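So the structure is just underneath, and the comments pick up after that.
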Amino acid sequence: MKNNELNSALANCVRFLAIDGVERANSGHPGMPMGMADVATILFREYLQFNPKDPKWLNRDRFVLSAGHGSMLIYALLYLTGYEDITIEDLKNFRQIHAKCAGHPEYGHLAGIETTTGPLGQGITNAVGMALAEKLLASRVGENLVNHKTYCIAGDGCLMEGISQEAISFAGHLGLNNLVLLWDNNSISIDGKTSVATSENMRLRFESCNWNVIEIDGHNFDEIRDALNKAQKSDKPIMISCKTTIGFGSPNKAGSEKCHGSPLGKDEIALVRQKLNWPYEAFEIPQELRNEWLAAGTKSNENYNKWQQEFSKSDSVKSEYLKRVLNKKLPNNFGEKIAEFKEKITAEKPKQATRKSSNVALEFLTAELPELIGGSADLTESVLTKTSSTKAVTTGNFSGSYIHYGVREHAMAAIMNGLSLHSNFIPYGGTFAVFSDYMKPAMRLSALMKQQVIYILTHDSIGLGEDGPTHQPIEHLAMLRGIPNFNTFRPADALETIECFEIALETKETPSGMFLTRQNLPFLSSSRKENICKFGGYIISDAQNPDVVIIASGSEVATAIETKEKLKSHNINARIVSMPCLDIFAKQSDTYKKQVLGDAKILKVVIEAGISQGWHQFIGHDGIFIGMDDFGASGKAEDLFKHFGITSDAACNKIVARIKQ
Ligand SMILES: Cc1ncc(C[n+]2csc(CCOP(=O)(O)OP(=O)(O)O)c2C)c(N)n1
């Protein structure tokens, strides 16, 4: 077979596995894999560096299918190139419950999947994070060990999503020339031609963001190869616009939305088989073609072996760093160091905003843990994420560890996922808590993909004051507590803050959100060796035979303690529970919960400057919730707490009224 003929046949292997997989599942998206099979074939056969026998090889090229609905493309490629984790049976089980081949590729279920990219626009932004991670890691351990590319296939949908603009702009600004974006430019999405909704000039869009752009026919192997060759030496991130036909090969459905998201149907499939000269049964790949594909899976072996030799020669500091971080371990002496730090905080008893406590904690942590990569979305001075040991990353210099993400929260969160996925950097990024709304889709994916990303969310309540209700988070604690596998922390003072960071650093498969105050807070913690926040909630101030248990988080713990004092003059004994992490407390044993909250008969009260959602599981229907049920207002913090009745006087009055009624 001539080379191009062979490439066509190999691309048809991908096409028909996609067609057959979707048909058998009776659900899925055949059009995109059929359209991009030619590009993917050249990429995987001739360029992409990977080793199916060692899918986690550090220096593999990363491949992100941002158009994740076309998942059969990646499943077919992983199968064909010899990943042992996937069999033909897995392809036949596409979209069935517990199948490795999920509807959209899910991270952590199948070797070779680099990220979960169901929500359009996330994948391309994760890819930017991975390309950035590659640069950061290369500058730390050397380009002899880390020198690969990140390839990403994105569709029209990804490029219509706003997050993609943030990602493109950021990647162009930093000059990430290791990033190759393959745009599946088929001009079709679900509603039909993309011209119903978009008409921008993509070349100008990307060029204005400092990218190189090449436009090719995505079905012409020579053009694809030529473009990928140029991409190897690009001085900027590069976008290859691949003009393709969605559903390529389907006589009646190619070029139309009819093949975007539904099976082609038996009759049409028979016609595609005829048209593409594919006489084989469903899921049948002729051995000769399979062998070619398996050979593509071994083409990086020489580079892989060289890399292993290089790694074995690398200096011990670098290889120790890699071994430790790739195994998600903290340094051996970290326990002692943090214990010393906590002792110091306990002795100093600082009265400060928890955003400041977070800054002090980060000052210590960033000096100890080079895997921490900080940053903020243009709020560094407010969220206090910069520390003296974190130099800014700049265009062309990636030795620093602080990222100026610009005013791009959505991308910041998804880039942090990419940083984490690439090689276990632990990213932390800050913005105002209220703008967690802008990051929510990526925060949810951090949790779904089990990535250790730390979100620094300051200005956590009406306590931020004059900026007013647009800036005052009300429902955000509840929103983030609602995400499975996401720990939302709201520490009450400096010691709780470092304890919450310690948990975030030890919890390797769970992202964390740190809700932190703008306003100063008293120091409330007692001296302790044990990290008490790891229970999620604990008795911070007890009483004998309590009449009421008052639970609070963050700034309201001090209010609860004041309330306790005021209740004494009414002969009411109050126990105070600090609850820095409701998610973790909810997972404690019933015995522990009862020990902390007391039995069902005792009145329970929550004080938290947010909505009540989520608290009734602990306070029952008879409990009292003192918080917010409407948006905040603009004014001085003190006036706002009074106005909304979140004060010790208001709490005391309510409790007295209930107990004495
Ligand atoms: C954030 C988000 N919004 C909507 C969807 C639903 N959706 C899946 S594919 C798609 C159209 C994508 O069009 P395109 O990228 O051109 O893919 P193609 O039609 O070429 O397969 C939409 C709207 C989604 N997955 N993510």
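All of the numbers you see were taken from the coordinates with simple rules; none came from a lab. Note that the coordinates shown come from a computational prediction; the quantities given were computed from them, not determined experimentally. Heads up, the Cβs are rebuilt from the backbone with ideal geometry, glycines too, and the neighbour counts pull from every protein chain shown.
For the reader, a short list of remarks on this structure follows.
- Alpha carbon centroid spacing (whole Å) that separates the stretch 276-300 from the stretch 627-661: 70 Å
- Ranked by how many other beta carbons lie within 10 Å on average, peptides 12-19, 350-357 from highest: 12-19, 350-357
- Pairs exceeding a 29 Å alpha-carbon distance, out of LYS135/LYS508; LYS56/LYS100; LYS149/LYS313; LYS306/LYS337; LYS351/LYS450: LYS306/LYS337; LYS351/LYS450.
- In degrees, nearest ten, helix 648-659 long axis to first principal axis of the chain (Cα): 80 degrees
- Potential extension, THR87-LYS337 segment - 0.36 nm per residue separation minus Cα distance: 85.3 nm
- THR298-LYS53 pseudo-label distance in nm [points 7 Å out on the Cα-to-Cβ vector]: 0.8 nm
- Sorting ILE659, ILE188, ILE269 by the number of Cβ atoms found within 10 Å of their own Cβ, with the fewest placed first, yields ILE659, ILE269, ILE188.
- Where only DSSP H runs of four or more residues are counted, the chain gives -13000 deg cm²/dmol as its mean residue ellipticity at 222 nm, each run worth -39500 (n - 2.57).
- For the stretch 24-46 versus the stretch 568-600, the gap between their alpha-carbon centres in whole angstrom: 55 Å
- Sum of side-chain charges, ALA586 neighbourhood, beta-carbon under 14 Å (Lys, Arg +1; Asp, Glu -1): +3
- Gyration tensor verdict on the stretch 552-661 (Cα atoms; rounded if a/c is under 1.5, prolate if a/b is larger than b/c, oblate otherwise): oblate
- Of the peptides 500-513, 124-137, 33-46, the ranking by mean beta-carbon count within 10 Å, highest at the top, reads 124-137, 33-46, 500-513.
- Relative contact order for the chain: 12 percent, from Cα pairs under 8 Å spaced at least 6 residues apart, divided by residue count.
- Once the Cα atoms are used to define both axes, helix 556-568 deviates from the longest principal axis of the chain by about 20 degrees.
- Sorted by Cβ neighbour density within 10 Å, fewest at the top, the residues LYS654, LYS529: LYS529, LYS654
- Debye equation applied to the C-alpha atoms of the chain, log10 I(q)/I(0) at 0.07, 0.09, 0.11, 0.12 Å⁻¹: -0.51, -0.79, -1.05, -1.17
- Whole-Å distance, taken between Cα centres, linking the stretch 323-391 and the stretch 121-181: 27 Å
- Extension gain from GLN232 to GLU363, taking 0.36 nm per residue of separation minus the Cα-Cα distance: 43.3 nm
- The shape of the stretch 76-232 comes out oblate: with a ≥ b ≥ c from the C-alpha gyration tensor, a/c is at least 1.5 while a/b does not beat b/c.
- Cα gyration tensor, the stretch 457-539 - rounded (a/c under 1.5), prolate or oblate: oblate
- Relative contact order of the stretch 559-661, pairs being alpha-carbon contacts under 8 Å that are 6 or more residues apart, as %: 29 percent
- Sequence-ordered 3J(HN,Hα) estimates for the stretch 501-518 from the Karplus curve with 6.51, -1.76 and 1.60 and θ = phi - 60° stand at 4, 4, 5, 4, 7, 8, 8, 6, 10, 9, x, 10, x, 9, 8, 10, 7, 8 Hz, glycine and proline given as x.
- The H on the amide N of LEU372, modeled in the peptide plane, is under 5 Å from the matching H of ILE426, each at least 5 residues off or on a different chain.
- Each residue, VAL196 and LYS344, gets one label point 7 Å from its Cα in the Cβ direction; the gap between the two is 6.1 nm.
- In this simple spin-label approximation, ASP542 and GLN617 carry label points 7 Å from Cα along the Cα→Cβ vector, and these lie 2.6 nm apart.
- Relative contact order of the stretch 69-139, taken over Cα pairs closer than 8 Å and 6 or more residues apart, is 21 percent.
- Panel order for ILE153, ILE624, ILE607, by other beta carbons found within 10 Å of each beta carbon, from fewest to most: ILE624, ILE607, ILE153.
- Contour excess over end-to-end distance, with Cα ends at ASN327 and GLN661 and 0.36 nm allotted per residue: 114.4 nm
- In the chain, the longest principal axis of the Cα atoms and the axis of helix 266-275 are about 50 degrees apart.
- FRET efficiency, 1/(1 + (r/R0)^6) with R0 25 Å, evaluated for ARG528 and ASP590 via beta carbons: 0.55
- Check: the stretch 110-238 dipole with +1 on Lys, Arg Cβ and -1 on Asp, Glu Cβ, in debye: 380 debye
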